[in-house]
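K.L.:
Encoded as structure tokens, here's the structure I'll be asking about.
The values are calculated or read from the model by the stated rules, or taken from the named source; none is laboratory data. Only a predicted model underlies this, so the values are computations on that prediction, with no experimental measurement involved. Methodologically, a virtual Cβ is constructed for each residue, glycine included, from the backbone with ideal geometry; neighbour enumeration extends over all protein chains shown.
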Amino acid sequence: MNHLVVYAHPNPASFNHAILDAYTSELKASGHEVRIRDLYAVPFDPVIVQSDYDMINRGTPPEDIRREHDLIRWAGTMTFVFPIFWAGMPAMLKGYIEKVFSLGFAYIFEGDRPKGILKGKKAVIINTTGGALNYYQKSGMIENIRQTIDGGIFRFCGFQVLEHRFFVGVPISTPAERSLMLEEVRGIARSLSS
Ligand SMILES: Cc1cc2nc3c(=O)[nH]c(=O)nc-3n(C[C@H](O)[C@H](O)[C@H](O)COP(=O)(O)O)c2cc1C
């Protein structure tokens, strides 16, 4: 299967990068085609401006958006690897979604009702947090994030969300805990292989 992995972390030495490496190595070892979109490395311009809207509304999105559309058309599964920043996604990834999941590509209107048109595609989301398990269990924040990201973005556009995994308390985790996390990441990749 064709896997497009969208990665959004500014630091190439981050734990998120270790997740990216573990995940994509395992996918490749299972014989999948893998393409990585490292948004900070591209670098992707995440700021949507009026001319983007104008071109999208005319049905001729600008080149930087069309390039991403081609990659998404190619993919059967999209995986998103990113840290939680201010209870959501980093601005870089939010901007990617704002620009790339555009009208006419990711959704259309039937009358006044929006309809996702990326049906048949699958999504996997892997997040890390600074907040500890205790905080996340008590606050309900994980469920809120699932609702806005899985529901508000991916299911809205027609994706089937296969997995949304949170690795919590990463900055306070031990090396042994991190290596277990990476083993889980490899397990997620293997689970997509059948
Ligand atoms: C700008 C910014 C905002 C953050 N906001 C949150 C947050 O809302 N909730 C949280 O649990 N952690 C937050 N964090 C902590 C990161 O999620 C955490 O450091 C990261 O997931 C650890 O992974 P890394 O080692 O790969 O960076 C934030 C970090 C930064 C830099």
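K.L.:
If you go through region 80-108, how many residues are within 16 Å of the ligand (Cβ to nearest atom) and either farther than 22 Å from Leu162 by Cα or not in a helix (DSSP H, G or I) (or both)?
P.N.:
Of the residues in that region, 14 qualify.
K.L.:
So, one more: Out of curiosity, is Val185 crowded, with 16+ Cβ neighbours inside 10 Å, touching a residue at least 60 places away in the same chain (Cβ under 8 Å) and in a helix (DSSP H, G or I)? Spell out how you get there, then give the answer.
P.N.:
Values: crowded, with 16+ Cβ neighbours inside 10 Å: yes; touching a residue at least 60 places away in the same chain (Cβ under 8 Å): yes; in a helix (DSSP H, G or I): yes.
In short, yes.
K.L.:
Same structure again: Of these, Asn134, Asn127, which one is of a type in the set (S, T, N, Q) and part of a helix (DSSP H, G or I)? Walk me through how you get there before you give the answer.
P.N.:
On the way: Asn127 fails: part of a helix (DSSP H, G or I).
After applying the criteria, what remains is Asn134.
K.L.:
Cβ-Cβ under 6 Å, sequence separation 6+ or interchain: first residue in region 1-29 and outside any loop (DSSP other than H, G, I, E, B), partner of a type in the set (Phe, Trp, Tyr) and within 16 Å of the ligand (Cβ to nearest atom). Which pairs?
P.N.:
Val6/Phe80; Leu20/Tyr7
K.L.:
Now for a different question. Consider His17 against the criteria (1) out of contact with any helix residue (DSSP H, G or I) (no Cβ under 9 Å at 6 or more places or on another chain); (2) away from the ligand (no atom under 14 Å from the Cβ): it satisfies all of them except one. Which criterion is unmet?
P.N.:
Going through (1) out of contact with any helix residue (DSSP H, G or I) (no Cβ under 9 Å at 6 or more places or on another chain); (2) away from the ligand (no atom under 14 Å from the Cβ) one by one, His17 breaks only (2).
K.L.:
Right, here's the next one. Return the residues of region 109-129 that are surrounded by fewer than 17 Cβ atoms within 10 Å (Cβ to Cβ), within 20 Å of Gly76 (Cα to Cα) and not basic (Lys, Arg); say none if nothing qualifies. Reasoning before the result, please.
P.N.:
Step one: filter region 109-129 for residues surrounded by fewer than 17 Cβ atoms within 10 Å (Cβ to Cβ), giving 109-115, 117, 119-120.
From what is left, the residues that are within 20 Å of Gly76 (Cα to Cα) are 115, 117, 119-120.
Matches in region 109-129: Ile117, Gly120.
K.L.:
Report, by residue number, each residue of region 136-181 that is modelled with pLDDT under 95 and either away from the ligand (no atom under 14 Å from the Cβ) or surrounded by 13 or more Cβ atoms within 10 Å (Cβ to Cβ) (or both).
P.N.:
Tyr136
K.L.:
Going through region 47-73 one residue at a time, which ones are in a loop (DSSP other than H, G, I, E, B) and within 25 Å of Arg35 (Cα to Cα)? Spell out the reasoning first.
P.N.:
Going through region 47-73, the residues in a loop (DSSP other than H, G, I, E, B) turn out to be 47-49, 58-62.
Those that are in a loop (DSSP other than H, G, I, E, B) and within 25 Å of Arg35 (Cα to Cα): Val47, Ile48, Thr60, Pro61, Pro62.
K.L.:
In addition: Looking at (1) closer than 29 Å to Lys28 by Cα; (2) away from the ligand (no atom under 16 Å from the Cβ); (3) surrounded by fewer than 20 Cβ atoms within 10 Å (Cβ to Cβ); (4) in contact (Cβ under 8 Å) with a residue 40 or more places away in the chain, which is the only condition Phe44 fails?
P.N.:
All conditions are met except number (3).
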